[in-house]
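Comments concern the structure below.
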Amino acid sequence: MAGMTSSARPLLNRRLAEFGTTIFAEMSALALRTGAINLGQGFPDTDGPEEVREAAVRALRDGRGNQYPPGPGVPELRAAIAAHQLRRYGLSFDPDTEVLVTAGATEAIAAALLALLEPGDEVVALEPYYDSYAASIAMAGGTRVPVTLRPHEGGFRLDLDELRAAVTARTRLLLINTPHNPTGTVLTRAELAAIAELAVERDLLVVTDEVYEHLVFDEGGHLPLATFPGMRERTVTIGSAGKTFSFTGWKVGWVTANGPLVSAVRTAKQYLTYVSAGPFQYAIAEALRLPDSYFENFRADLRRKRDLLGDGLRAAGFEVYQPQGTYFITTDITPFGEKDAYAFCRALPERCGVVAIPNSVFYDDPGAGRSQVRFTFCKKDDVLQEAAGRLQQLAS
Ligand SMILES: *Cc1c(COP(=O)(O)O)cnc(C)c1O
């Protein structure tokens, strides 16, 4: 029988048994097969800045990073990450001991959990989850405890009482994501302050995925959890060049935290990939020093795209939860008299030539997000316009 050895023991271990192929593989294959517009997986269809690409070419030609770079990352990039955290947020990190370059944010998340969890430790995480969280917690032997973001006044909100109630004597860490994928929620200052108070009071570690730090659309901008009182010494902050500079294929991510935390995460990381993306690290060092205008234009551009797709989805009849950040819009299909997002997404390419993602796969309790569908808007304007046009068929 497929998947079985002669002793009938499953090949895939128990920790991973519940994880199949990611939804993105399934839906991207569907997009290819049907020729539909893929608003499923969140990758830009326009590459990042020309000068950053040129910097990568220069590094390759000059022989910088073509051999194993240093384990913690090249010094130029670590210095640029530290300078970015200081300039943007007033957070001071020693580039030699408090910054770690990783193979994307994905490896940073996995390495942090593998380093910080003992089997049986509980991880309180915001649900719906980013794709890799549940599997990374499982690989580390942890137990995930969801706190569900719930629809509220046109967006999603965190219930702080539910968060407090989720913490037990076995809780080791809080896994936070703001701006939040897939809902587009940006946690407010009050919510972040409450999370910080809880972490301090219960002496919890915090891993915070802030890969969309430059995609906060409203006034005030991004608030890193590490800036709140008592948080710097207990927080592992994760960033990604993929999301900030539109180079998702380069897989350059990073961790900033105090020395003991970075040292712990590095111990796990060095046996996962050891190092990665040598020449690209030099290019991202230059990217992080781009003038403020780059970051402002990037955000303004994505905000405009959000509104373009959001208007189209509303006109087509979706209930739209307005995202305050990221490059995703979560919708609800109940207005069409439909309840099953998975079935809806499987049929959508044939119905009108668009691929989207059912949020139900990001919940422990699929019932919670059963009628939610996520669309990405990090695509060219004409692609978004064409997709919006096609979706109007649902309105008739
Ligand atoms: C894309 C994404 C990641 C992964 O980032 P990489 O740098 O590509 O590994 C992690 N967390 C969230 C919330 C994301 O959307």
The stretch 50-288 - share of DSSP beta bridges that are antiparallel (%, nearest 5) | 40 percent
Could you pull out the trypsin sites (Lys or Arg not before Pro) across the stretch 145-194 that fall in loop regions by DSSP (anything but H, G, I, E, B) with no more than 13 other Cβ atoms inside 10 Å?
-> R170
For the table K251/K380; K269/K305; K269/K379; K251/K305, the rows whose alpha-carbon distance is greater than 28 Å are K269/K305; K269/K379
For E127, list long-range residues whose amide hydrogen, built 1.01 Å from N in the peptide plane, is under 5 Å from its own amide hydrogen.
-> V147, T148, L149
On the protein heavy atoms, probe 1.4 angstrom, tell me the percent of accessible surface of the chain carried by carbon and sulfur.
-> 51 percent
Ellipsoid equivalent to the stretch 291-381 - semi-axes via the Cα gyration tensor, in Å | 26, 15, 11
Between D382 and E118, what length in nm is gained on full extension when 0.36 nm per residue of separation is reduced by their alpha carbon distance?
-> 90.1 nm
Sorting A226, T273, I357 by the position of each Cα along the dipole of the chain (Lys, Arg +1; Asp, Glu -1; all at Cβ), the one nearest the positive end of that ordering is T273
Between H152 and A25, the two model label points (7 Å from Cα along the beta-carbon direction) sit apart by a distance in nm of 3.7 nm
Rg/Rh over Cα atoms for the stretch 50-288, Kirkwood Rh, comes to 0.96
Mean Cα-pair separation over length for the chain, i.e. relative contact order, pairs under 8 Å, 6 or more apart, % = 24 percent
At q = 0.12, 0.13, 0.21 Å⁻¹, what is the base-10 log of I(q)/I(0) for the stretch 148-267 according to the Debye formula with one equal point scatterer per Cα and no solvent? Please give it to two decimals.
-> -0.46, -0.54, -1.31
Treating only the Cβ atoms of Lys and Arg (+1) and Asp and Glu (-1) as charged, compute the dipole magnitude of the stretch 50-288 about its Cα centre; round to the nearest 20 debye.
-> 500 debye
Three-way shape call for the stretch 257-304 based on the alpha-carbon gyration tensor, with the a/c threshold at 1.5 | prolate
After finding the eigenvalues of the alpha carbon gyration tensor for the stretch 1-129, what semi-axes result from the square roots of 5 times each, listed largest first in whole Å?
-> 35, 25, 18
Check the straight Cα-Cα distances from K339 and name the lysines below 17 Å, setting aside those fewer than 8 residues away within the same chain.
-> none
Label zone at Y271 (point 7 Å along Cα-to-Cβ), backbone N below 15 Å, the stretch 126-164 = 139-141
Label-point separation (nm) for E201 and A395, each offset 7 Å from Cα along Cα-to-Cβ?
-> 4.8 nm
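So which GluC sites (Glu not before Pro) in the stretch 108-210 pass both tests, a DSSP loop state and at most 14 other Cβ atoms within 10 Å of the Cβ?
Passing sites in the stretch 108-210 are E153.
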How large is the accessible surface per residue of the stretch 50-288, computed with a 1.4 Å probe and reported in Å² as a whole number?
-> 37 Å²
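The values are calculated or read from the model by the stated rules, or taken from the named source; none is laboratory data. Quick caveat: nothing in here was measured; it's all calculated off a predicted structure. Note that each Cβ is placed from the backbone with ideal geometry, even for glycine, and that neighbours are counted across all protein chains shown. Calculation scope for accessible area: heavy atoms of the full protein, side chains included, ligands and nucleic acids excluded. Shrake-Rupley method; radii C 1.70, N 1.55, O 1.52, S 1.80 Å.
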